[in-house]
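Since every read-out is calculated from the coordinates, none of them should be taken as a lab result. Everything quoted here is computed from the prediction, not taken from an experiment. All Cβ positions, glycine included, derive from the backbone under ideal geometry; neighbour counts span all protein chains shown.
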Amino acid sequence: MDGLIKMENYCLNTKNFSFFLCGKIQTDKLEIRFGKYRQLAGSQYHISGRQVFESENKLRQQSIVPVVLKSYTYGDFSISPEEMSCKSTECDVKDFRHHEVSPILKEHCACIEEDLDDIENNIWPILTYIAGYAAYATNKRIKYNYWRVF
């Protein structure tokens, strides 16, 4: 906010602008956060205050609760939110493998861009459906105690 006030003073006093529209100034972090709100509110551009609070609760839950993947073949292994996020904007396998992750996860869950090139266009809707169901099933198994904080 302080930066916006300084920018306003600079434009009005130094550059002699006749007006300054504060609402037109955007930051990437703010736009990313509101983009997530809109996405969680059903991809609507205009969202209500209630939808903002609901989306914020969902985002907080996602940042705290680890994902536990269950496999009858390989056993259970969990992925914390820190392991899922990459520090750079380009998230590739090299960045992902720097984290301390289960060897099973490294061998069987890593994906590189060349792997995605081989997938035919008619397979993408199926993969999207399966990924959505996996996320739904994982979310359903998470204990409610984590969510009471919010």
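The table below lists the values:
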| item | result |
| --- | --- |
| Long-range lysine pairs (8 or more apart or interchain), the stretch 1-64, Cα under 23 Å | 7 |
| Net charge, L40 excluded, C-beta distance under 10 Å - Lys, Arg +1, Asp, Glu -1 | +1 |
| Pair Y136, E54: separation of 7 Å Cα→Cβ label points (nm) | 1.7 nm |
| Among N57, Y10, L21 - extreme Cα towards positive end, dipole of the stretch 1-64, charges at beta-carbon | N57 |
| When the convex hull of its Cα atoms is projected in every direction, mean area for the stretch 1-64 (nm²) | 5.7 nm² |
| Projected label distance in nm at Q39 and Y129, using a 7 Å step from Cα toward the beta-carbon | 2.3 nm |
| Relative exposure of D117, D76, judged by other C-beta atoms within 10 Å (fewest first) | D117, D76 |
